[in-house]
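**Student:** I have a structure I would like to understand better, so I am pasting it below and will then ask my questions one at a time.
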Amino acid sequence: MNKILALDVATHCGWAINVDTNNNIYGVWDLTPRRDESGGMRLIRFRAKLLETIKSEGVDMVVFERPGGRHVGAVIVQSELQGQVKVVCEDLEVPYRGYSSQEIKKFATGKGNANKEMMKKAARERFGYTGDNDNEADAICLLELAKRDYLLSLQK
């Protein structure tokens, strides 16, 4: 199976990668600008983490949650980071795909408007997640959705 990097794109960016058919690795990148740094440092940190991860882990595809929601500031940050995903993937010729939060939530919980606790519970019960971070849980659910879609595409 192709190695997929799933990103819950935000200042606290959840990520997950399928190591093999049954095992995932995951974590959170803290992209918070430090005191006396410009907001652009978030983009620089993200780009560096993304490049390092794609190259060191041999990532074949990147999936991410598309921006959405009512919090304008968060949507702007997500959109800027998503732009970095697209540029890095284009530069490295790595395919990428965005999923809406409703698609991810419906896949994980059966409800397109699931809250953070429901997503963490789904990640634990369905996908073996052992942590308690909603960003990691979202990335794991997204990774499992992408793996399912990848396997379905092979059957066609």
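No lab work stands behind these numbers, since they all come straight from the coordinates. None of the values given here were measured: they were computed from a predicted structure. Glycine also receives a Cβ, built like all others from the backbone with ideal geometry; neighbour counts cover every protein chain displayed.
**Student:** Over 29 Å between C-alpha atoms is what I'm after, so list which of K55/K106; K121/K147; K49/K111 land there.
**Tutor:** Over 29 Å apart, Cα to Cα: K55/K106; K49/K111.
**Student:** Have a look at the DSSP beta bridges in the chain and tell me what percent are antiparallel, nearest 5.
**Tutor:** Looking only at bridges with both residues in the chain, the antiparallel portion is about 60 percent.
**Student:** If you don't mind, another one. How long, wide and thick is segment 1-71, going by the Cα atoms along their three principal axes, in whole angstroms, largest first?
**Tutor:** Projected onto the principal axes, the Cα atoms of segment 1-71 cover 42, 30, 16 Å.
**Student:** Once you charge only the Cβ atoms, +1 for Lys and Arg and -1 for Asp and Glu, what is the size of the charge dipole of segment 1-97 about its Cα centre, to the nearest 20 debye?
**Tutor:** 280
**Student:** Give the longest segment of the chain that steers clear of GluC sites (Glu not before Pro) in DSSP loops with at most 15 neighbouring Cβ atoms within 10 Å, not counting the sites themselves.
**Tutor:** 94-156
**Student:** Contour minus end-to-end for K121 and D149, with contour as 0.36 nm per residue of separation and end-to-end as the Cα-Cα distance?
**Tutor:** Value of the extension gain: 7.9 nm.
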